[in-house]
Amino acid sequence: MDSNNRAPVYYSEYLQLDKILEAQAPESEKEGIVANDEMLFIITHQTYELWFKQILHELNIVRNIFKQRNVPDNSPDIFNANSRLKRIIKILELLVAQISILETMTPLDFLDFRDLLRPASGFQSIQFKIMEALLGLEFHNRYGQEYYISQLHPKDIESVKNAESEISLIVLINSWLERMPFANDQKYWGGHGKDFWHHYRAEYAGGLMPTEQANLEAFDKLFMNPESYPEGRRLSQLAMKNALFIMLYRDFPLLHLPFELLDRLLEIDEQLSLWRQRHIHMVQRAIGKRVGTGGSSGAAYLKAAAESHMIFKEIAELNSFLIPRSKLPKLPELLQKDLSFDR
């Protein structure tokens, strides 16, 4: 359609403000009870859900990028993925900060309408469960599985299960890392790729304190011995090696964006953890040791979930195996050239 023939766009119609601004229906008003803070409670949670929708939008773009058979490390796709992940992080930072607004509501203010909300609770947020699933949190790693979908409507249960059946971001990242050639390609190492890891192990071992010898045992299991690689991990041994290589040689131009991507995955985990921790303190402040409106153990549930729902913890543990730049094994000249702008 010719843009000159398009109908004029009007602000409130474009944003559908008639729907959004009429979407608050406090339960207290229905019961004739004065509960002035219920409006804040509703708008805050509606805002959360809008931001969850935006996070899912960004997350699906990133997942589609990594669903490709090949994602060149110097392509616009990696930059785009980093930009989307950065936006997700900024939204999560906002969601953490938004809790302070809700905390202006005192416990007594909350009690004015709290009992009218049962059995609804934030635990029934479908979008948040879908977000966790698409990032890579699997059902068997969830805390409180007995509550997880028990209170959801059938169509919402189906939506969550469909999300769990889709390929998650951490699985896609694993495949992307496995395809990275720099630490193993014979083009660079000429059959001596194993020598790099033995050399690196020697440097790593030499820098450990006597009380850190367990780290060396972990290093051998994760990087040196294929037969001893622990079962049930989300990242393969090859992916772990390549991720560590990226972290070690991130100063080379071609590894700038891959390193940023790994770092942003860790930041997403951190922000989700901060959100849960802030949520814990808010709940403790609002209801103490009482159970949640949905029947969960309240703050106790949130604390346990915060400790067990880390999605990218295998990337985070790589920081235990770094050595100073001055100790890094020198890379073959051809590899140095391919990792640089002067190619």
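The values are calculated or read from the model by the stated rules, or taken from the named source; none is laboratory data. As the structure is a computational prediction, the values presented were derived from the model and not from experiment. Reconstructed Cβ throughout: ideal geometry from the backbone, glycine too, with neighbour counts over all protein chains shown.
Annotations
- Of the helices (runs of 4 or more DSSP H) lying entirely inside segment 169-244, not one carries at least 3 residues that are over 21 Å from Leu266 (Cα atoms), within 30 Å of the chain's Cα centre (by Cα) and of a type in the set (D, E, K, R).
- Condition check for Ile42: modelled with pLDDT of 95 or more and surrounded by 12 or more Cβ atoms within 10 Å (Cβ to Cβ): yes
- Total residues in segment 59-94 satisfying the condition of being modelled with pLDDT under 95 and either among the aliphatic types (A, V, I, L, M) or in contact with a Gly (Cβ under 8 Å, 6 or more places away or on another chain) (or both): the figure is 2.
- Scanning segment 63-92 for residues that are touching a residue at least 40 places away in the same chain (Cβ under 8 Å) and over 24 Å from Ala163 (Cβ atoms) yields Asn70, Asp73, Asn74, Ile78, Phe79.
- Test for Tyr143: is it more than 23 Å from Asp269 (Cα to Cα) and either modelled with pLDDT under 90 or not acidic (Asp, Glu) (or both): no
- Residue in segment 291-299 that is assigned to a helix (DSSP H, G or I), modelled with pLDDT under 90 and buried (at least 18 other Cβ atoms within 10 Å of the Cβ) present: yes
- In the condition set (1) loosely packed, with under 14 Cβ neighbours inside 10 Å; (2) of a type outside the set (A, V, I, L, M); (3) at pLDDT 95 or above; (4) not in a loop (DSSP other than H, G, I, E, B), Trp51 is compliant with all but (1).
- Residue in segment 91-110 that is closer than 25 Å to Ser236 by Cβ, assigned to a helix (DSSP H, G or I) and not aromatic (Phe, Trp, Tyr) present: no
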